[in-house]
Amino acid sequence: MALITKAPRGTQDFTPDQSARMRYIEDTLMRIAGLHGFGEIRTPTFEHTELFVRSVGDTTDVVQKEMYTFEDKKGRSITLKPEGTAGAVRAALERGLLAEALPLKLSYITPCFRYEKAQAGRYREFHQFGVELLGAQSSAADAEVIGLVQEALDTLGVTEIRLFINSIGCPNCRPKFQQALKDYYSAHYDELCPTCQDRLERNPLRILDCKEEHCHELAEHAPIVLDYLCDECREHFEELQERLRAMGIAFEVDPTIVRGLDYYTKTVFEFKTETIGAQGTVCGGGRYDGLVELMGGQKQPAVGFAIGLERLKLVMEACGAPMPEEPRCDIALIPLGAKASVRCSAMAADLRTDGFYAETDLMNRSLKAQLKYANKIGARYTIVIGDSELEAGKARLKDMDSGEEQEVAFDRLADVLMEKEASRLYGEIADAQFGLEELSGVLGQE
Ligand code: ATP
Ligand code: MG
């Protein structure tokens, strides 16, 4: 039979080494979100199609072209989630979370599905880490979530990335700006790409975001949203900038940032990098004061963002950010013969209970083959156990780095490994301290 070896276009496999990187990134993000008081929300992978049509907006690319929508066996229209906010807000309403103490702070890591042109940094199944902060009107909330992204990027060692912010106003001031855009683009109608010609009536803001070269050029001379903000929106935007400056967060104001989803109001922002090719937007977010009401709840201001985890990993790799080291086996138990094998399995289980990464032979291999495998998994220690060792209740423990051997009774094995680990860690600390002393010596001489 022919091998089935092709995953669907735009999907990825994460092999153990790559999964370790993803997990490290995810753990770091969730830890930092936790320090900001965000609790994790998990929502279904699919929702009623209507949820996304209403919240993301039916004029958006996501809803018009990119959703994985299908009918289930009872004829209901179901969609695999293309983003995380709609589900999180739906769950907050359904579970009554907004009736509890505000602000409500939710975080999530979720797969997302979009039928897009697959390329580097753009997939059909990808993953987002996001937060939603509901109930807070103040620019302090915008600054808090932007600060969270900045801290995450700093902690993960991402250097070459820049923050761009903009305000797209509110339902009071945006119509005037939309009209100005319509007037401007109507005069250039023939130059617009067909999609933007279509957008002109339905969603002129989105034209600013078009990636077609000529539409992009036209955007440079388009009316500027910041000139149309009402007093409230302008004050909010100015306050945000003041807060970011006070927090030491570098940013640039970019009036062409409008974001791809319809629910945004006031603040929008992106973190972009030039290190990973054309798909350089690692994080997108903003305020969405109208969404909760749009979904049938009581009006609640809200702000949030989503980071694409694959793009984050790419930019970390491009910057040479630290990544987790491969786990190293603590001890390989090497049995010779059937009886020893049974004993080694039991000993390995005990050692794991004590927190050691222990392996033993599962393939009836020769001594030589077992030693080779121990080397491959980077075992720090090996212990060879044959009939005579079983009888004596002790064996020679070998340090694979130094080659030193010492006799150890089986019932002392965990203790001895623990002592060795402690002195190894102590050595590392002492080395680091010596380095520091040397450094301060050098500095002192200057
Ligand atoms: P883009 O302009 O790149 O299409 P978007 O505006 O559609 O982005 P959002 O819906 O705001 O993006 O999603 C937030 C983040 O999710 C993006 O900044 C990006 O990091 C990531 N993302 C979005 N679509 C994809 C995709 N198809 N593959 C990988 N990551 C994605
Ligand atoms: Mg997109």
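Values computed for the structure shown
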item	result
Sum of -39500 (n - 2.57) over DSSP H runs of 4+, divided by residues of the chain (222 nm, nearest 500)	-13000 deg cm²/dmol
Region 140-248 shape via C-alpha gyration tensor axes, a/c threshold 1.5	oblate
Eligible lysines near LYS299 by straight Cα distance, threshold 21 Å, same-chain separation 8 or greater	LYS105, LYS266
Accessible surface, per residue, of the chain when the full set of protein chains is kept, probe 1.4 Å, Å²	53 Å²
Qualifying aspartates and glutamates (Cα of each under 14 Å from Cα of LYS117; at least 8 residues distant if same chain)	ASP61, GLU66, GLU125
Lysine pair count for region 331-428 [Cα-Cα under 16 Å; pairs on different chains or 8 or more apart]	6
Among 7-14, 277-284, 169-176, the order from most to least packed when residues are scored by Cβ within 10 Å on average	277-284, 169-176, 7-14
Residue with peak Gaussian network fluctuation, the chain [Cα springs, cutoff 10 Å], from ARG396, ARG95, ARG114	ARG396
Sulfur and carbon atoms: percent of accessible area, region 331-428 [1.4 Å]	51 percent
Cross-link partners of LYS313 among lysines (Cα-Cα below 18 Å; sequence separation of 8 or more within a chain)	LYS272
Two-site FRET efficiency, GLU242 against ASP154, from Cβ-Cβ distance with R₀ of 25 Å, rounded to 0.05	0.75
Helix axis angle, 338-353 relative to the chain longest principal axis, alpha carbon, degrees	50 degrees
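The values are calculated or read from the model by the stated rules, or taken from the named source; none is laboratory data. Since the structure is predicted, the reported quantities are computational estimates derived from the model, not experimental observations. Cβ coordinates were reconstructed from backbone atoms using ideal geometry, including for glycine residues, and neighbour counts include every protein chain displayed. We work out accessible area using only protein heavy atoms, side chains counted, and drop any ligands, DNA or RNA first. Shrake-Rupley method; radii C 1.70, N 1.55, O 1.52, S 1.80 Å.
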